[in-house]
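Any read-out appearing in this document is the output of simple, stated calculations on the displayed coordinates, not a laboratory observation. In this text, all values refer to a predicted model and were calculated from it rather than measured experimentally. Counting neighbours? That spans all protein chains shown, and the Cβs are built from the backbone with ideal geometry, glycine included.
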Amino acid sequence: MAAPTLMNRAAHAIIPQLVIENVCVTFDDLEALKDLSFSVNRGELVGIIGPNGAGKSTLVNSICGHQTIDSGRIVVGQDSVSPLNIVPGLVGLVPQEIALYESLTAEENLIFFARAAGFGKADAKLATEQALASVQLTTHKEKLINTLSGGMKRRVNFAAAILTRPALLILDEPTAGVDAAARDEVMALAAEHARQGMTILLISHELDQIERYCDRVLVLNGGRCQHFAAPQDVLRTVFGTAQELRFQTEHLADAALHKRMIKSNLVHHPADQCWTGFCRTDPTAVSQSIYAMVSEHNNAVREMTIRNPGLDLLIQSLARAGTQ
Amino acid sequence: MIRAMFMVMFRQLTRDKGSLLLTFALPPVIFTVLAAIFSNASSGDLDLSVAMATQSEAPVTLKVAEGLGNSEAFELLDFGDNAEGVFSAVKTGDADAGVIFLNDLADTQNAQINIVVEPSRDVASLVLAGAVQEQLAEHFPQKGLVETVESMRKMVGGFSPGQQARIDAALASLSGAEKTDTNAIIERVSALGDSGGPVLDPATTYYTGATAILFLLFSSMHSASILLTERAQRIPHRLFLKGWRTFKFSAGKFAFLTAQGTLQSLVIFAIAELLFDVPVLANLLLIILASGAMAACASGLALFVTSACQSEAQARTASTFLVLISSAVGGSMVPRFMMPDWLQSAGFLTPNAWAIETVYSILARGQGLRDLLPGFGILFGSGMVALLLATWISSAKLKKA
């Protein structure tokens, strides 16, 4: 399935569905969110990434009303959100865990969540049927959750969050620890629902998915918004035209090779036999020069890749900067 | 490797306060409680409370009553000459047994002492009877001698006429009174009266309530562990629980556990009626109310304990300890009157004591709704308070997660 973009969602008006204005959250001495502002439009699929401790969980908890904000404003749809007034069904949450009752069927689970959100009996039944159909599990609705495959459980988990047709859907690490097929199933579902007009926030460490599926990505670092743009625009802003260089040597580099390599400004992150760096000029010339340099030190290049830098490189560099 | 593994286990234990508590602090506590209960129960050194009424002003009767009153074996509740008060105190459990001195004990033809018995505390009445006999022997030594003579007669196969004459002369010289058997003076009467129905087995009746509350607590604790599964799976997060909705989330569980517990209790009561003639059907409405109140109490406590735990393993251990202690102190294992005073008082902090008292009051004492209201109120009320606490803890944990 081709990844959807804002372009093919032209049918949806640009209406802000989530507005974060100057939000600050502090835990004791730690400022988890610092004057954070951004907005997400209806039908957008926005990824939220950042190194550990960047404030992702605090942001999600604040949007869900689980966390009191110190200042600022959060608006979902038409409603201001706070721990005291979160409206059931306004926000749908797909947590990392399978948040379902294992000994109930898929249908029974969804009916429970619909009823808990305040639906009447008939409406709960209807919403359940629609949600099951939208995740293509109608034929499995009478199966107990503990008898479903991992991918199916993920889909029911997703269905439980869209029952109420929420103004905002939050996917909090929805594919952590699942196989590639199940991961693709969930992401395809998210993309399809975004295409139909649902506003979705995706928090994930699967950065290739963010690049592939998200219209925009919010890069959080130290509680601040570092970047908020389309993934390719963020990468272009950060890395320009540089390409990512990775290679591995046969043996551990001796001190002299290590020193030469760093001095050459080709690599910035040696680790054992693996080297990463940026290739800012002609890739062929750079690779030839590395091969030559390594062989002069009685070593050899086992494997080398030169590719466009991804969000993973951005997060790594943010994490490194944080630890330094 | 062995040392390394040893150190891993050691560090895990020392850094886990819960495990440390369970390993080193709780066992001594439980040992202390159980030792206190069972040593008291088996030593015969019971802390009994005895209700007493004296309906005669005769000097001998007053002397015996005074002697009994001075006994350190009892806590004496003196009802003056009010025999009804003694019956009432024993019936309601305020006293373990009662004694009524009906007339002049010197009048050997008509002397009578009633020992008021509550069937579930029969041991107490036997101890009291022994103490009364001791007082009689002290104040009427010839009575003790008569009993000794009777025992010897049985052993030696009878006395010769000459021997019998010497014995009679000796007894006459002691008091000038006629021969008297102290056992004949003492009559045991039930505080519960004669219902006319089948004879009630006090132990079965007592343990009907005791068993019901014990298993209610166990099964409620087990069922309430779903709360921790939900928390681990972040279901409360998904439901965006807040305030009133958190209460409703807990209340749904409370309602189910109460219904389940009520049914479970009724099954035990039905078995008691069918197999042991415990009069359940005759008191069906009150028994249903009691089952509901006990189940509500157990459900609330189970939700409270579970909500305070971090994991299912912790909840399993904590609930097992709590149920065992509550059952031991509350009288589900050994009747509370056989425990030391301080444990008898502590028993009323447990649901077991209130449940046992309530059920026994219905089945054995035949008490009505008005008399049972305090018991119902405490059981149901404590369940509701525990439910509110569980909701509050769940809310706090949801915020922290």
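Distance distribution P(r), chain A, all Cα-Cα pairs, bin width 10 angstrom from 0: 6, 23, 27, 21, 13, 7, 2, 0 percent. Note on B:Met384 and B:Ala313: the model spin-label points, each 7 Å out from Cα along the C-beta direction, lie 3.9 nm apart. In the elastic network of chain B, a GNM with C-alpha springs shorter than 10 Å, the most mobile of B:Asp122, B:Asp16, B:Asp201 is B:Asp16.
For a straight C-alpha distance cut-off of 14 angstrom, the aspartates and glutamates reachable from B:Lys397 (same-chain residues fewer than eight places away being disregarded) are B:Glu230.
Computed over the protein assembly as shown, the range of Cα coordinates on each principal axis works out to 140, 65, 46 Å, biggest value leading.
Looking only at A:Phe112, A:Phe239, A:Phe247, which one moves most when chain A is put into a Gaussian network model with springs between Cα atoms under 10 Å? Between A:Phe112, A:Phe239, A:Phe247, it is A:Phe247 that shows the largest mean-square fluctuation.
Here segment A:127-182 and segment A:188-250 have alpha carbon centers that stand 24 Å from each other. Across chain B, Cα pairs under 8 Å and at least six residues apart give a relative contact order of 17 percent.
This model, with +1 at the C-beta of Lys and Arg and -1 at the C-beta of Asp and Glu, gives the protein assembly as shown a dipole about its Cα centre of some 3720 debye.
Partners of A:Lys263 within straight-line reach, counting aspartates and glutamates whose Cα lies under 17 Å from its Cα and excluding those fewer than 8 residues away in the same chain: A:Asp254, A:Glu296.
Positive end of the dipole of the protein assembly as shown (Cβ unit charges, origin at the Cα centre): among B:Thr208, B:Ala58, A:Met293, the Cα lying farthest that way belongs to A:Met293.
On a 25 Å Cα-Cα criterion, which of the cross-link pairs A:Lys34/B:Lys399; B:Lys17/B:Lys399; A:Lys34/A:Lys153; A:Lys56/A:Lys121; A:Lys56/B:Lys17 come out too long? Walk me through the numbers before you get to the answer.
Working: A:Lys34/B:Lys399 20 Å; B:Lys17/B:Lys399 23 Å; A:Lys34/A:Lys153 36 Å; A:Lys56/A:Lys121 36 Å; A:Lys56/B:Lys17 31 Å.
Where the Cα-Cα span goes over 25 Å, the pairs concerned are A:Lys34/A:Lys153; A:Lys56/A:Lys121; A:Lys56/B:Lys17.
When the Cα positions of B:Ile378, B:Leu239, B:Phe87 are compared along the charge dipole of chain B, B:Leu239 comes out farthest toward the positive end, with charges on each C-beta of Lys, Arg, Asp and Glu.
Within the listed set B:Gln135, B:Gln12, B:Gln233, the Gaussian network model of chain B (springs between alpha-carbon atoms below 10 Å) gives the highest mean-square fluctuation for B:Gln12. About its Cα centre, segment A:36-186 has a charge dipole of approximately 220 debye under the convention of +1 per Lys or Arg Cβ and -1 per Asp or Glu Cβ, with nothing else charged. With only the Cα atoms considered, segment A:12-58 has a convex hull volume of 70 Å³ per residue. With a Cα-only, solvent-free Debye model of chain B, what are the log10 I(q)/I(0) values at q = 0.07, 0.11, 0.12, 0.13 Å⁻¹? These q points yield log10 I(q)/I(0) values of -0.47, -0.89, -0.99, -1.08. For A:Lys141, list the aspartates and glutamates whose Cα falls under 15 Å from its own Cα; do not include residues on the same chain fewer than 8 positions away. The qualifying aspartates and glutamates are A:Glu102, A:Glu107, A:Glu108, A:Glu129.
Averaged over peptide B:229-235, how many Cβ atoms belonging to another chain are found within 10 Å of each residue's Cβ? Can you show the working numbers first?
On the way: counts 2, 2, 0, 2, 9, 7, 11.
Mean shielding by partner chains, rounded to a whole number: 5.
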